[in-house]
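Working notes, structure below.
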Amino acid sequence: MSEILRIIVDFGLVVLIWLVQLVIYPSFSQIEKSLFKHWHSRYTKNMSLIVFPLMVCQIGIYVWQLFAHTDLGLVGPFILILFLWSHTFLIAVPLHNELQRRGNEIKLCEQLLRSNLWRVVAWNIVFLWSCFLAT
């Protein structure tokens, strides 16, 4: 049962990160400058209500399965999840804070989009690894 929950949460984060990469972040530069700060503030608050619980649930599941069940197959994805947390809070969040402060400057939007590719790749690997372990 916990493997199914792990895969569902991993898949949810994969779908979410692809939506962010292909739809949401590219739209930042299209939002009218005068509206962007208000829109972005609402976006980050609302997105946090989705992303943060999923990330907490994901790391909680991996910690529980890795340490309570000594499932060493999860070491690799767990390391990637730690990378994802680090990247999110050390790179993505500061870039969002800068966008909130300066507005949707093209260079900042492009930097956010480029840096997010690391999270796209990492969450896809975590999901695929999780599926592989479940077979």
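Since every read-out is calculated from the coordinates, none of them should be taken as a lab result. Keep in mind it's a predicted model, so treat the numbers as computed, not measured. With ideal geometry, Cβ positions are generated from the backbone for all residues, glycine too; neighbour counts draw on all protein chains shown.
Here are some notes:
- At most 13 other Cβ within 10 Å, DSSP loop - GluC sites (Glu not before Pro), segment 1-109: GLU32
- Dipole-positive endmost among PRO77, VAL63, ASN104 within segment 1-111 (Cβ charges, Cα centre): ASN104
- For ASN104, no residue 5 or more places off, or on another chain, has a built amide H under 5 Å of its own.
- Of the residues PRO94, CYS131, SER48, the one whose Cα sits farthest towards the positive end of the charge dipole of the chain is PRO94 (charges of +1 on Lys and Arg Cβ, -1 on Asp and Glu Cβ, taken about the Cα centre).
- Set the Cα radius of gyration of segment 1-81 against 2.2 N^0.38 Å, with N its number of residues, and you get 1.40.
- Rounded to whole Hz, the Karplus (6.51, -1.76, 1.60) HN-Hα couplings of segment 78-88, x for glycine and proline: 5, 5, 5, 5, 4, 4, 4, 4, 4, 4, 4
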